[in-house]
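Peer 1: For reference, the structure I am asking about is given below.
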Amino acid sequence: MPSEFGDLLALTHLNLSLGSFTGVIPSKFSHLSKLVSLDLSTNDEMTIESATLEKLIVNATHLRELTLDRLDMSLIKP
């Protein structure tokens, strides 16, 4: 997944479902503080690290909808 998505700081809605993305979601995603909706679902070959998810949740104070089904969550620590 291109890390440049993390440079779109004014972005409020991002739907990358069914995108056939692979690899680890870049940590720059945690900079998207204005997100209201984020859909990363149905990207079976894409994963997110615990630190990136935690920072995204802390920074995206307007986030109301987060869809992660069928996303590889194996790197998330319990």
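Peer 1: Can you give me the relative contact order of the chain as a percent, contacts being Cα pairs under 8 Å and 6 or more apart?
Peer 2: Answer for the chain is 32 percent.
Peer 1: Let me ask something additional. With Cβ to Cβ distances under 15 Å as the rule, what net charge do the other residues near Lys28 carry (K, R +1; D, E -1)?
Peer 2: Net local charge, Lys28 excluded: -2.
Peer 1: Under the rule of -39500 (n - 2.57) per DSSP H run of 4 or more residues, summed and divided by the residues of the chain, what mean residue ellipticity at 222 nm is obtained, to the nearest 500 deg cm²/dmol?
Peer 2: Dividing the helical sum by the residues of the chain leaves -4000 deg cm²/dmol.
Peer 1: Just add up the charged neighbours of Asp44: K/R +1, D/E -1, any other residue whose Cβ is under 13 Å from the Cβ of Asp44.
Peer 2: Value of the local net charge: -2.
Peer 1: Any idea what the dipole of the chain comes to, in debye rounded to 20, about its Cα centre with Lys/Arg Cβ at +1 and Asp/Glu Cβ at -1?
Peer 2: Taking the Cα centre of the chain as origin, the dipole is about 260 debye.
Peer 1: Now a separate question. Could you please report the charge total around Thr67, scoring K, R as +1 and D, E as -1 over all other residues with beta-carbon less than 15 angstrom from its beta-carbon?
Peer 2: -3
Peer 1: OK, next. I need the Debye-formula profile for the chain: one equal scatterer per C-alpha, no solvent, reported as log10 I(q)/I(0) at q = 0.15, 0.21, 0.22, 0.25 1/Å, two decimals.
Peer 2: Debye curve over Cα of the chain, log10 I(q)/I(0) at q = 0.15, 0.21, 0.22, 0.25 Å⁻¹: -0.44, -0.91, -1.01, -1.34.
Peer 1: In addition: Would you mind calculating the gained length between Lys77 and Ser17 on full extension (0.36 nm times residue separation, minus the Cα-Cα distance), in nm to one decimal?
Peer 2: Contour length minus the Cα-Cα distance gives 19.3 nm.
Peer 1: May I ask which residue of Gly23, Leu38, Leu8 lies farthest towards the positive end of the charge dipole of the range 1-55, with charges of +1 (Lys, Arg) and -1 (Asp, Glu) on Cβ and the Cα centre as origin?
Peer 2: Going by the charge dipole, the pick is Leu8.
Peer 1: How far is it, in nm, from the label point at Lys55 to the one at Leu8 when both lie 7 Å from their Cα along the line to the Cβ?
Peer 2: Inter-label distance under the simple model: 1.9 nm.
Peer 1: In addition: Given H placed on each backbone N at 1.01 Å, which residues far from Thr47 in sequence or on other chains put an amide H within less than 5 Å of it?
Peer 2: Counting only residues 5 or more places away or on other chains, the set is Gly23, Val24, Ile25.
Peer 1: In the chain, what trypsin sites (Lys or Arg not before Pro) fall in a loop by DSSP, with at most 12 other Cβ atoms inside 10 Å?
Peer 2: When the trypsin sites (Lys or Arg not before Pro) of the chain are filtered for loop state and at most 12 Cβ neighbours within 10 Å, Arg64 remain.
Coordinate-derived values only; no laboratory data. This is a predicted model, so every value here is computed, not measured. Please note: Cβ atoms are built from the backbone with ideal geometry, for glycine as well, and neighbour counts cover all protein chains shown.
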